Amino acid sequence: MTQPTPASSTATPSRRTTAPPATVTAVVVARDREGAGQVLSALLAQDRLPDRILLVDGAIDGLGDTSDLLAPVGEADIEVLTTTLGPRRGVRRILPAMIDRLPRADVGRDLVWVLTSRTRPHPQALRRLVAASGRGVGLATPKLVDERDPSRLVRMGLQVTRSGRIVPHPEAGTTDQGQHDADVDAIAAPLEGLLIDRDTYERLDGHDPSLGDFGGDLDLGWRSQRAGRRVVVVPTAAVAVRPTAAERHPSHEHRRQARRAALTRAHVATAPLLALWVLLSSLVTGLALVVLKRPGMGADELASIPAALDLRTLRSRLRGRAPREVARADLDALFVTPADARRRIVDDARSGVGRDPGVEARSLEIERRGGWFAHPLLWLVLLAAGLSAWSARHITGELRHRVDSGLVGGELLGGRATAGQLWDAWWTGWHGQGWGAAGEQSPALVVLAGLSALVSWLPGLGASHSPAGVVLALLVVTALPVAAATAWGASRTFSTHRWVRAAAALAWVTTAPAALAVGEGRIGALLALVLLPRIAAGLVRATRRHTAYSDTVRTALWATLLATVAPAFGVVTVVVGLGLLLVGDARRRARGITLALTPFVLAGPWLLALQAQPARLLTGWGLTDLQIATPATRLALGQLPGGAPTTWWTAAVLALGVLALAVPGRRPGSWVAAGVGLVALAWTLGAPHLVLGNRPAGAADSGAAVTAWAGLGQIVLVGSALVAVLLASDTLPDRLRGAGRRLWLLVPAVGLTVAAVGSGVVVGQYSYGDGLTTWRDPRPLVATAAAEGDLGARTLVVEAAGEGVTYRLVGAEPGDLVRDLAESSPPVPGEEDVAAAVAQLLGAGEGQRLPADVLAEQGVSHLVVVDPSEARRRLVDASPGLSRLGSSAGTTTWAVRSDLTGDSVPSRVRVSTERTSEAVAVEGPHADTDGDVSVPRADTLTIAESLDWSDRAQVRADGRLLTAQTHSAVPTYDLPERTDEVSVSFGAGHPWWKLGQGIALVLALYLALPTERRIDPDEEDAR
């Protein structure tokens, strides 16, 4: 019950004006005695005192005797009333009754100022609130600021979308610089510090307690606006509070209350649709955020779902009186727009990702200093791109003529390959040009297939003759500038000095082996230049205590990608992971398991190929070489046959790396880099002497010894020296105390820059060479149509190579686009027959069968000879069954006809009798018919593949499985009588293993997403 408290007789003179424009009653809801005393003191410090104070005792055990608390109030000649509030009763529930019992003002406006024991109003707050609560204003709210730091905002009104999504603006903790002082009107305001017009409040029948605290405040303000009584924010009036967790971040309960308030105030006809929208949007957004590894944000969204199904909303619609003097549409400007709400979700999702803990705050400050033109990354990329464009002038000149087919030369073999063909080559159990093979392919084909599909969708490249060739050509042209940028970003792990990092990144891409990698199309080395800095930095961060787990997963994925074209790096990643597993703590062991398992699991069935031929671990795409006799000193200084003479510049970089080891300070990373450098040096010197295999028959330099490429070790050696320099540069300013200590940074920065630019200039003068040229399909259109049509025919391409010749069978199946260590397998009978036929055609041997019969048996419809001499043309013309079609672009083409095919165009699959031979339509690679195909009556089915192919293929006649004969050089099958349909198929190689490989990749990609940043408890307390 509200009771008046007698004022003291020794009252001090009042500071109120003699004719107040309004009567203000301050309602103080006290939950504790200390807080009540501080609020009352703040009220007495106002430069405009309230006319009346109502002290509401809401303490659990009561405030006890309040005479000492109220004595100063009485001395200020302020009327005092007291009442009690049960500890379990909300102030919003009984506030209407409290206000109703207050004496009414005789003249002027009757205002109620609601404060709680945690509020501390600034001295000018009441005066400025009263001044703002003029005609037409129902509610006036102050600016809530942080009690511990008044420059930090807590709330300025309540901000929601029309559907009830809470979007605080400004966010709690924002520094107050007056940037929000223009925000005057709000849809609603929190109760604490709120100055209420009594007439408005009674007209609205007060708060709706069923909507909760936040929902009740939002509903009250919403109804006040509809009633034509504004809710205004008074930025010049400040009330200090200690922020609660719900004010820093809206709680689930507050989110539900806001949604219910929005449904309550929605039009009766649209409320069901709005409830459905709240349900679906919260569900979809919440699940999407959970998938994106934002579980906290996802839970916030999912928490709104019960509000759409809460039946109490119907009761609130019936209870709350909302005069309709203002149309709903006129309030649109008071709500947060859906676009702003979506932008806030995206921003919160991004800001929830913590920056790598290995990056210090001072590094970030340095990164942001100055504009873009003062940023070394811009000049690094421009310089690297300029040097690369100058050095690659021959390559880019070739691509200007024809960019849709890719490059050939060096380690690039060229060829036509689409995304679908590459996928089939990886998925199916039989792949490759010519007679094919059963060995598993590298997962790099899947990545290349995806990039090829992307290229096919790009305007201007959609009709590329070889999308995969275009992807590889783009990598060759852009690899070094991209590598410079990635090296710059990764070097932040080792140093915070950006100009030293820029110099190191430039030195990374201007070495002679890097130039050779471009000029010879060594895809594995180019990908190493791009990814190795990121992988090395990630492995270093994996050893640190506070590195995010997702960062380690991303490192493992990048290492796995590099391992698909250079398996040695996958082995190194596994070894590092095992090391962390053995010697690390719990966190490091988890990262070690990830690093050790990811390359192994994602390699999939390709592990079988590596197990069958372990030498492939030391090679990769473009990472093989013929034996060389370069002296060890030149190899150690980065020199290889055909490379630019950058000996002294490389020596300068390595010397700086050695000197960096002598810089005082504890840097274990420097000695690890030195150890890696020694291993790389051993690779460089030993690779030319370790024979891993031989060039296959039919290829250039057939039978020549093959070794690993020494340039890969040279690249890693230079990288180790650069890491040592970066680590030393980060130590110099801390070790050398003196006014000019930063001048020491000029040594590595200037030294690396001079060496990098000098090496780049030499490489530019020497260029990347002219070994790469635009690939052109040697086949004429008629041969291409025969290969890619229903016939599935092949073309035999013969080309002079020194004193001998090379040959290959080209069909619709893609071959190797980049040279790698050849698979060790014995020649098939058909290969020997074709080799003998080529020798017979060119007059280098004799045979028992006509070359045309041999070629037709192997499904060869055309013979193409590249740059033939006139004598060779006459020899081929004289061979029965071959008729010249013409010459074009240095090639001559002959059509193949034979009695074996009834003088028709040879095909991959044929059915025949003693008198006839007819082609069978095929749809896929290697004679795959993609289902049943109708055939005429015949006795035998002949397929131009190898006998090993028949062990994996399933050939059926009218659904019955057939068995190949053993006396033929190609698979031949006896057809049952009255056969109407045949089918040829071969399934995927290890389909369940590859399916598990795909699931593991999806899981790894999900784990690689940056996780939601968790606020440290100490950081939370500091707030």
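The values are calculated or read from the model by the stated rules, or taken from the named source; none is laboratory data. Bear in mind that the values here come from a model prediction, so they are computed numbers and not experimental data. No Cβ is skipped: glycine too gets one built from the backbone with ideal geometry, and neighbour counts run over all protein chains shown.
Name the single residue, out of those in the stretch 72-102 being under 16 Å from residue 26 (Cα atoms) and small (Gly, Ala, Ser), that is surrounded by the fewest Cβ atoms within 10 Å (Cβ to Cβ).
Of everything passing the filter in the stretch 72-102, 97 is surrounded by the fewest Cβ atoms within 10 Å (Cβ to Cβ).
Examine the stretch 689-697 for a residue that is outside the structural domain of residue 532 (by TED's automatic domain parsing) and assigned to a helix (DSSP H, G or I), and state whether such a residue exists.
Within the stretch 689-697, one or more residues are outside the structural domain of residue 532 (by TED's automatic domain parsing) and assigned to a helix (DSSP H, G or I).
Of 896, 935, 911, 922, which residue is closer than 22 Å to residue 431 by Cβ and either surrounded by 18 or more Cβ atoms within 10 Å (Cβ to Cβ) or not hydrophobic (A, V, I, L, M, F, W, C) (or both)?
Result of the check over 896, 935, 911, 922: 922.
When the stretch 176-188 is examined, which residues are found to be of a type in the set (Gly, Ala, Ser) and closer than 17 Å to residue 161 by Cβ? Walk me through how you get there before you give the answer.
Taking the stretch 176-188 first, the residues of a type in the set (Gly, Ala, Ser) are 178, 182, 186, 188.
Matches in the stretch 176-188: 186, 188.
Does residue 672 satisfy the condition of being in a loop (DSSP other than H, G, I, E, B) and either out of contact with any helix residue (DSSP H, G or I) (no Cβ under 7 Å at 6 or more places or on another chain) or assigned by TED's automatic domain parsing to the domain that holds residue 767 (or both)? Working first, answer last.
On the way: in a loop (DSSP other than H, G, I, E, B): no; either out of contact with any helix residue (DSSP H, G or I) (no Cβ under 7 Å at 6 or more places or on another chain) or assigned by TED's automatic domain parsing to the domain that holds residue 767 (or both): yes.
Answer is no for this residue.
Look through 223, 242, 255 and report the one residue that is crowded, with 21+ Cβ neighbours inside 10 Å and more than 30 Å from residue 109 (Cβ to Cβ). Outline the logic, then answer.
Values: 223 fails: more than 30 Å from residue 109 (Cβ to Cβ); 242 fails: crowded, with 21+ Cβ neighbours inside 10 Å.
Residue meeting the stated conditions: 255.
Does the stretch 603-622 contain any residue that is at pLDDT 90 or above and over 30 Å from residue 992 (Cα atoms)?
Checked against the condition, which is being at pLDDT 90 or above and over 30 Å from residue 992 (Cα atoms), the stretch 603-622 yields at least one hit.
Out of (1) surrounded by fewer than 24 Cβ atoms within 10 Å (Cβ to Cβ); (2) at pLDDT 95 or above; (3) more than 30 Å from residue 640 (Cα to Cα), what's the single condition that is false for residue 560?
Every condition holds for residue 560 apart from (3).
Modelled with pLDDT of 85 or more and either of a type in the set (Val, Ile, Thr) or in a helix (DSSP H, G or I) (or both): is that true of residue 107 in this structure?
Spelling it out, it is not the case that residue 107 is modelled with pLDDT of 85 or more and either of a type in the set (Val, Ile, Thr) or in a helix (DSSP H, G or I) (or both).
Scan the stretch 460-507 residue by residue and report those that are of a type outside the set (A, V, I, L, M, F, W, C), in contact with an Asp or Glu (Cβ under 7 Å, 6 or more places away or on another chain) and under 22 Å from residue 416 (Cα atoms). Working first, answer last.
As a first pass, look at the stretch 460-507 and keep what is of a type outside the set (A, V, I, L, M, F, W, C): 460, 462, 464-467, 469, 478, 481, 486, 489, 491-493, 495-498, 501.
This time we only want the ones that are in contact with an Asp or Glu (Cβ under 7 Å, 6 or more places away or on another chain), so: 464-465, 495-498.
Those that are of a type outside the set (A, V, I, L, M, F, W, C), in contact with an Asp or Glu (Cβ under 7 Å, 6 or more places away or on another chain) and under 22 Å from residue 416 (Cα atoms): 464, 465.
Do we find that residue 852 is under 58 Å from the mean Cα position of the chain (by Cα), part of a loop (DSSP other than H, G, I, E, B) and not assigned by TED's automatic domain parsing to the domain that holds residue 969 in this structure?
Considered against the rule, which asks whether it is under 58 Å from the mean Cα position of the chain (by Cα), part of a loop (DSSP other than H, G, I, E, B) and not assigned by TED's automatic domain parsing to the domain that holds residue 969, residue 852 comes out as no.
One residue is enough: does the stretch 137-152 have a residue meeting the conditions over 51 Å from the mean Cα position of the chain (by Cα), in contact (Cβ under 8 Å) with a residue 24 or more places away in the chain and over 30 Å from residue 345 (Cα atoms)?
No, the stretch 137-152 contains no residue that is over 51 Å from the mean Cα position of the chain (by Cα), in contact (Cβ under 8 Å) with a residue 24 or more places away in the chain and over 30 Å from residue 345 (Cα atoms).
Out of all the residues in the stretch 529-546, is one or more closer than 30 Å to residue 581 by Cα, in contact with a Pro (Cβ under 9 Å, 6 or more places away or on another chain), of a type in the set (Gly, Ala, Ser) and surrounded by 24 or more Cβ atoms within 10 Å (Cβ to Cβ)?
No: the stretch 529-546 contains no residue that is closer than 30 Å to residue 581 by Cα, in contact with a Pro (Cβ under 9 Å, 6 or more places away or on another chain), of a type in the set (Gly, Ala, Ser) and surrounded by 24 or more Cβ atoms within 10 Å (Cβ to Cβ).
Find the residue count for the stretch 594-610, including only residues that are surrounded by fewer than 17 Cβ atoms within 10 Å (Cβ to Cβ) and of a type in the set (Val, Ile, Thr).
Final tally of qualifying residues: 0.
Out of all the residues in the stretch 190-205, which are in a loop (DSSP other than H, G, I, E, B) and either in contact with a strand residue (DSSP E or B) (Cβ under 9 Å, 6 or more places away or on another chain) or modelled with pLDDT of 90 or more (or both)? Give the derivation first.
The initial filter retains those residues of the stretch 190-205 that are in a loop (DSSP other than H, G, I, E, B), namely 190-194, 204-205.
Residues satisfying the conditions are 190, 191, 192, 193, 194, 204.
Kindly indicate whether residue 581 is in the same structural domain as residue 482 (by TED's automatic domain parsing), farther than 30 Å from residue 989 by Cβ and free of Cβ contacts under 8 Å to residues at least 24 places away in the same chain.
no
Here's a check for you: in the stretch 111-168, which residue that is polar (S, T, N, Q), over 26 Å from residue 336 (Cα atoms) and in a loop (DSSP other than H, G, I, E, B) is modelled with the lowest pLDDT?
Filtering the stretch 111-168 down to residues polar (S, T, N, Q) leaves 116-117, 119, 124, 133, 141, 151, 159, 161, 163.
Now drop any that are not over 26 Å from residue 336 (Cα atoms), which leaves 116-117, 119, 124.
Still in the list and also in a loop (DSSP other than H, G, I, E, B): 117, 119, 124.
Details: 117: 89, 119: 92, 124: 94.
Restricting to residues being polar (S, T, N, Q), over 26 Å from residue 336 (Cα atoms) and in a loop (DSSP other than H, G, I, E, B), the top hit is 117.
What residue, among those in the stretch 35-65 that are more than 18 Å from residue 195 (Cβ to Cβ) and in contact (Cβ under 8 Å) with a residue 60 or more places away in the chain, is surrounded by the most Cβ atoms within 10 Å (Cβ to Cβ)?
36
Return yes when residue 101 is charged (D, E, K, R), touching a helix residue (DSSP H, G or I) at 6+ places or on another chain (Cβ under 7 Å) and in contact (Cβ under 8 Å) with a residue 40 or more places away in the chain and no when it is not.
no
Kindly state which helices (runs of 4 or more DSSP H) lie completely within the stretch 579-646 and contain at least 3 residues that are over 27 Å from residue 409 (Cα atoms) and not acidic (Asp, Glu).
Answer list for the stretch 579-646: 586-603, 606-612.
Quick one: which helices (runs of 4 or more DSSP H) lie wholly within the stretch 225-333 and hold at least 1 residues that are under 30 Å from residue 48 (Cβ atoms)? Steps first, please.
Values: elements: 245-248, 252-265, 271-291, 295-302, 305-308, 312-319.
By residue number, 245-248.
Residues of the stretch 815-860 being buried (at least 22 other Cβ atoms within 10 Å of the Cβ) and free of Cβ contacts under 8 Å to residues at least 24 places away in the same chain, which ones?
Hits for the stretch 815-860 are 837, 854.
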